[in-house]
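Trainee: Below: one structure in structure tokens.
The values are calculated or read from the model by the stated rules, or taken from the named source; none is laboratory data. Keep in mind it's a predicted model, so treat the numbers as computed, not measured. For neighbour counting, all protein chains shown are included, and Cβ atoms are generated from backbone atoms with ideal geometry for every residue, glycine included. Side chains are part of the model used for accessible areas, which takes the heavy atoms of the whole protein and leaves out ligands, DNA and RNA. Shrake-Rupley method; radii C 1.70, N 1.55, O 1.52, S 1.80 Å.
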Amino acid sequence: MLPGPLRRRALQGAFDRARDAFNRGDVEAVMALFAPDVEYGPPPPLGADEIVGLPAVLEFWRGVLARWPDSTIENLSIREAAPGRFVRTARLRHAGPGAGEPLEYEIVQTTILRKGRVVRQVNELSS
């Protein structure tokens, strides 16, 4: 296991790369970090129940980006809650032509990694 400061830099770098991929609409690059049998709880404002399996999560996010092609995420904070468990606070914005008013919200996202892959990720609205 890497020392704390190196782990934190690696963690920040991984979440920054995922943010950058999402912000350029490359959901496939983001999903490359997910395990095939991932359990995923989407952000509540997007109105979906828990999703199981990488193909279903990929389909969900492709649908979101089809509706709101101008979607962005901003990492506000990231911390390691326990080995293999990370908590990120982020701000999301979804907009696009014909999509109506932009949808903006903050989430607290809990991610569990196993062997370097996301096996569970749950998003809740930030209070």
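Trainee: Could you tell me which GluC sites (Glu not before Pro) in the stretch 1-71 are loop residues by DSSP with no more than 14 other beta carbons within 10 angstrom of their beta carbon?
Mentor: Qualifying residues, ordered by number: Glu50.
Trainee: Stretch Ala32-Lys115 to full length: gain in nm at 0.36 nm per residue minus the Cα-Cα span?
Mentor: Here the segment from Ala32 to Lys115 would lengthen by 28.5 nm.
Trainee: Taking amide H positions as placed 1.01 Å from N in the peptide plane, with prolines and chain starts having none, which residues 5 or more places from Tyr105, or on another chain, fall under 5 Å of its amide H?
Mentor: Those qualifying (amide H under 5 Å, at least 5 residues apart or on another chain) are Leu92.
Trainee: Expressed as an acute angle from 0 to 90° and rounded to the nearest 10, what is the orientation of the C-alpha long axis of helix 4-23 relative to the principal long axis of the chain?
Mentor: 20
Trainee: In the chain, with Lys and Arg counted as +1 and Asp and Glu as -1 at Cβ, which of these residues, Gly100, Leu125, Leu76, has the Cα nearest the positive end of the dipole, that is, farthest along it?
Mentor: Leu76
Trainee: Using +1 on the beta carbon of Lys and Arg, -1 on that of Asp and Glu, and nothing else charged, what's the dipole of the chain about the Cα centre, debye to 20?
Mentor: The dipole of the chain has a size of about 660 debye.
Trainee: Could you tell me how many degrees, from 0 to 90 and to the nearest 10, lie between the Cα long axis of helix 54-67 and the main elongation axis, the longest principal axis, of the Cα atoms of the chain?
Mentor: Helix 54-67 sits roughly 40 degrees off the main axis of the chain.
Trainee: Taking a probe of 1.4 Å, how large is the accessible area per residue of the chain, in Å²?
Mentor: For the chain, the per-residue accessible area is 57 Å².
Trainee: Counting helices only, and only those DSSP H runs with n ≥ 4, report the 222 nm mean residue ellipticity of the chain as the sum of -39,500 (n - 2.57) divided by its residues, in deg cm²/dmol to the nearest 500.
Mentor: The helix contribution divided over the chain gives -9500 deg cm²/dmol.
Trainee: Expressed as a whole percentage, what fraction of the accessible surface of the chain belongs to carbon and sulfur atoms when a 1.4 Å probe is rolled over the protein heavy atoms?
Mentor: 52
Trainee: Between Asn75 and Ser127, what length comes free when the chain is fully extended (0.36 nm per residue of separation minus the Cα-Cα distance, one decimal in nm)?
Mentor: 17.1 nm
Trainee: Shifting gears a bit: Of the beta bridges DSSP finds with both residues in the chain, what % are antiparallel, to the nearest 5?
Mentor: Of the beta bridges lying entirely in the chain, close to 90 percent run antiparallel.
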